[in-house]
Structure formats: structure tokens, C-alpha cells
């Protein structure tokens, strides 16, 4: 029997990179360079520096390039591929498809490949393991159209798109929302950071099909502890757009 891995890190790298279209016509977003180094390499090296030595990467768009990149580099970690080249599984489906790879771990850290920050992920992972919660969604108090909604106990209760005035609610909040016939105010709006931790068996009973992980968390929040964990790192960048990539490049040059 192989030794139990405390926490596996999963890098979501299968996206089409449509917001970086000029840069992703011939390569996956994961291999777009940031100060001369691919985003994927930044992510892998940061995870290793934080103590993660088992890493899963899902691939779809130009997936063979990512596979070749991993084969050509020597990282101090066990890196495995979850292959979605035949069908893009979205964030939730991708995690479910990869679940056999991390079944021997106690927990999983999911890291979007286009996020770069100095969050102490190793410390967060250790805190999560002792918390008794089912999932931590790392959140920030920043301006964005899409927000996760939490109650006073930091339990997930909904999701909103401000610009389109769309809401999704965990069941009991949905009923209250309809009764009030308007937005409720007994919740906190927090921005999702693209980083989250969960118990490795949390998604075991879901069908493996394309689906959003946020929708899965909203379903699970009816019976599970899906908790907001606010973070305040020195820096955090979402590198989905060219101007954000440029801002990150300029900031990193100052470090």
C-alpha cells in the first residue's frame, strides 16, 4: 500500500484561454509566458515551494504541448496528467474526472493556472486539514461582477452576477429570496480567488460530466460545510486578460 499523501495540488489548465486569444492561438494559456517563464511553471514552482509534491494537471486546449512541457522539465514533484482532450469538462467535471488520481490524499488544493499570488498555500492546507470543514473557498474583498455569497458563519449560501442581476441560491436561501421578492441583505459578498481546498472524497458521488465547480459547491452547501476563507496576500493577479498579464509582469520586476 502506497503512503498516504496529505494534500494533492490540482492545477486547472484545460481552459481555452479566450480572454488571451491573441496569445493562445498556437499555445495553451498555461504556456503563455510571464517574464519569460510559462504560467504553468510559475504555478508548479510555487506549489513545490509551499510543500506540495503531488500535482495533477488537467489538459484540453493544445494539451499535448503541456504534456511535452512536463516531460521535458525536471520538477521536484510527482506530476500526473488528467486528459480532457476529447471533452472539456469545465471546472467541476475536471475535478471529478481527476479524482481517482488523488483518492489517496486527505485533501486537495485546486489552483487556477492563471492565478499568481504569494498566498501561503502550505500553511492554509495544514489549517484546513485540522479544521473539520469540507471545503474552503479562498476569497477576497475586492470589486468584481461575480461574487460568492456567505452567511454570518462564513457558510456558502449563494452566487451572484451583479451586472446581469443573476442569483443562484442554496435551497433555504432560494425560498427566502423568492418570498422577499428581491435581494436579501443577510449575506456577505466575497470574490472568489481561484484557489480552494476540499476533502478528497467530497465529489465522489457526482456524475463525471462537464459542470461548474461553483454549482457543485452550491449543491453541497445544503449539507456540507463549504466555508469562505478570506485571504489578504501581498499580491494576487488573475492573468486572464493581456492588461492583467502586463500588470503582473511589471509588479514582479519590482520584487
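Structure summary
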{"quantity": "Lone qualifier among 90, 71 - being surrounded by fewer than 17 Cβ atoms within 10 Å (Cβ to Cβ) and either touching a strand residue (DSSP E or B) at 6+ places or on another chain (Cβ under 8 Å) or at pLDDT 95 or above (or both)", "calculated": "71"}
{"quantity": "Segment 224-242 - residue that is surrounded by fewer than 16 Cβ atoms within 10 Å (Cβ to Cβ) and at pLDDT below 95 and, of those, farthest from residue 122 (Cα to Cα)", "calculated": "242"}
{"quantity": "The lone exception for residue 85 - which of (1) at pLDDT 95 or above; (2) outside any helix (DSSP H, G or I); (3) out of contact with any helix residue (DSSP H, G or I) (no Cβ under 7 Å at 6 or more places or on another chain); (4) over 22 Å from residue 202 (Cβ atoms) it fails", "calculated": "(3)"}
{"quantity": "Output for segment 106-132, where each listed residue is within 26 Å of residue 38 (Cβ to Cβ) and part of a loop (DSSP other than H, G, I, E, B)", "calculated": "113, 114, 118, 119, 120"}
{"quantity": "All positions within segment 133-162 that are more than 16 Å from the chain's Cα centre (by Cα) and outside any strand (DSSP E or B)", "calculated": "133, 141, 142, 143, 144, 145, 151, 152, 153, 154, 162"}
{"quantity": "Residue that is over 28 Å from residue 255 (Cα atoms), modelled with pLDDT of 95 or more and not in a strand (DSSP E or B), where the choices are 48, 44, 101", "calculated": "101"}
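For every residue, the table says whether it meets (1) within 30 Å of residue 129 (Cβ to Cβ); (2) in contact (Cβ under 8 Å) with a residue 40 or more places away in the chain.
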site: 6; (1), (2): yes, yes
site: 9; (1), (2): yes, yes
site: 19; (1), (2): no, yes
site: 30; (1), (2): yes, yes
site: 37; (1), (2): no, no
site: 43; (1), (2): yes, yes
site: 48; (1), (2): yes, no
site: 67; (1), (2): no, no
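The values are calculated or read from the model by the stated rules, or taken from the named source; none is laboratory data. None of these values were measured; they are calculated from a predicted model. Cβ: placed from backbone, ideal geometry, glycine included. Neighbour counts: every protein chain shown.
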